[in-house]
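The values are calculated or read from the model by the stated rules, or taken from the named source; none is laboratory data. Just so it is clear, the structure is predicted and the values come from calculations on it, not from any experiment. Ideal geometry is used to build each Cβ from the backbone, glycine not excepted, and the neighbour counts take in all protein chains shown. Surface areas here come from the heavy atoms of the whole protein model, side chains and all, with no ligands, DNA or RNA. Shrake-Rupley method; radii C 1.70, N 1.55, O 1.52, S 1.80 Å.
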Amino acid sequence: MYAVLRSPEEIVFGRGARRAVSALVAARGSRALIIADPFLADSVEIGELRTELEAAGLRSALFTDVVPELPVSAILSAVRAAADFEADIFIAIGGGSSIDTAKMAAVVLAHGGDVPDYYGEGNVPGPIAPIIAVPTTAGTGSEVTPVAVVTDPARESKVGVSSPYLIPAVAVCDPELTLSCPPSVTAASGADALSHAIESYTARKGEVGDLASSRVFMGASALTDLLGLEAIRCLAAGLAQAYRQPDDIQARTLTMFGSLLAGLAFGTAGTAAAHALQYPIGAVTHTSHGVGVGLLLPHAMALNAPARQQELADVARAMGAGDKPVNELADAAPQLVRDLMTQIGIPHTLEELGFPRDRLDWAAEQGTHAKRLADNNPVGLTVEAARAVLEAAYAGTLSFDPETLGASR
């Protein structure tokens, strides 16, 4: 049996969990830079947090120049704010961009240089200031993962930074903070979370030798499988209802718990083809990450089905398909995911996103360049296989020519 898990020092989950932040900060620092989404600048939650920090004898400053899709320039602005305030701890409140801003600002503050110096895997040389991550969406999992994703204007695609040093010290997950999410954000973030859960559960199988390598994503293991499968169950039970009825706190709680578990699963096991191919799709269409991976996920699952029959059968059962033969369940899993995506308004085809068909070859090649993702796919993600996924996603079909498939792993 192989099992490995990387995670924060502490995870606090539940309604009202945000009330624990000041005590968690006091145990780790005294001068906190709060990095928050702009719409939170004058919120009751930020006001209460700063009051609680002050009552605990802690100093705080607020940075709200967070930009969606996280351009490099926004990170550098946060670095300057942290340096000017002499921050020794970060509190990141908001969606994935806020948390990733805190991660990268803490890296540059600790180790100097420029953001591109850290692109890729394992290029953060050492520890950074502690981060208390408080997500207000249920999807990115950034509160527990070793990954930040940035947009570099010099490249026509997003760029990942991966290192265990990026894992926040504490994740504080309060479902009440997601009640204000509009349906479109609930859908995109929830689709992302489901992609994390399914891609981690069906990822390349890890092995003990990975621990001695430079890999940040360690492949699927017994621990990540438990987390990923339970994440699928929670998201299948809560996501569509949270989308339809935004004030349903039980649905919000299930969705956020599923997102948290999915983040823990993929933060160690990694994601794969759907995420690799979303990078070029998102760069061209300027659509949200969650919409892109949610659209691509059923097609990536169909590609991987011959190599992951049992795992996809498990996915189908977790989504409520009942007890049927493994092959029937595995065949049904991609359609079950697409059905859930339909319920939350995720488009079916790349054509609907406005992606030009004559750029499919380019997107396939770009997707395979995301090595930490492509190499984690259970079926070899060759350019030909990537093109097959994109062709299917463009047409809206869930079938593949077996000749496009590579070796399983």
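Annotation note: Cβ proximity below 6 Å between a residue of the stretch 4-15 that is in a strand (DSSP E or B) and surrounded by 15 or more Cβ atoms within 10 Å (Cβ to Cβ) and a residue that is at pLDDT 95 or above and of a type in the set (Gly, Ala, Ser) (sequence gap 6+ or interchain) occurs for Ile11/Ala171; Val12/Ala20. Among the residues of the stretch 115-154, those that are touching a residue at least 40 places away in the same chain (Cβ under 8 Å), open to solvent by 50 Å² or more (accessible area, probe 1.4 Å) and either aromatic (Phe, Trp, Tyr) or more than 14 Å from Val216 (Cα to Cα) (or both) comprise Pro116, Pro153. Within the stretch 163-182, residues that are outside any helix (DSSP H, G or I) sit with their Cβ atoms under 7 Å from residues that are of a type in the set (Phe, Trp, Tyr) and open to solvent by 10 Å² or more (accessible area, probe 1.4 Å), at 6+ positions apart or across chains, in these pairs: Cys173/Phe13.
Quick grid of which residues meet (1) within 29 Å of Leu373 (Cα to Cα); (2) among the acidic types (Asp, Glu); (3) in contact with a Lys or Arg (Cβ under 9 Å, 6 or more places away or on another chain):
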site	(1), (2), (3)
Ala56	no, no, no
Arg80	no, no, no
Ala87	no, no, yes
Ala148	yes, no, yes
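Answer yes or no: is there a residue in the stretch 192-202 that is acidic (Asp, Glu) and more than 21 Å from Ala318 (Cβ to Cβ).
No: zero hits.
When the stretch 197-230 is filtered for residues that are assigned to a loop (DSSP other than H, G, I, E, B), closer than 20 Å to Leu303 by Cβ and of a type in the set (S, T, N, Q), only Thr202 remains.
Check whether at least one residue in the stretch 185-196 is outside any helix (DSSP H, G or I), open to solvent by 10 Å² or more (accessible area, probe 1.4 Å) and hydrophobic (A, V, I, L, M, F, W, C), and report yes or no. No.
Keeping to the stretch 296-310, report how many residues are out of contact with any helix residue (DSSP H, G or I) (no Cβ under 6 Å at 6 or more places or on another chain) and open to solvent by less than 30 Å² (accessible area, probe 1.4 Å). Residues that pass the stated criteria total 3. Residues of the stretch 348-364 that are open to solvent by 30 Å² or more (accessible area, probe 1.4 Å) and closer than 17 Å to Ser288 by Cβ: His348, Glu352, Gly354.
Quick one: in the stretch 372-387, which of the residues that are part of a helix (DSSP H, G or I) and open to solvent by less than 20 Å² (accessible area, probe 1.4 Å) is nearest to Thr271 (Cα to Cα)? Applying the filter and picking the extreme gives Leu373.
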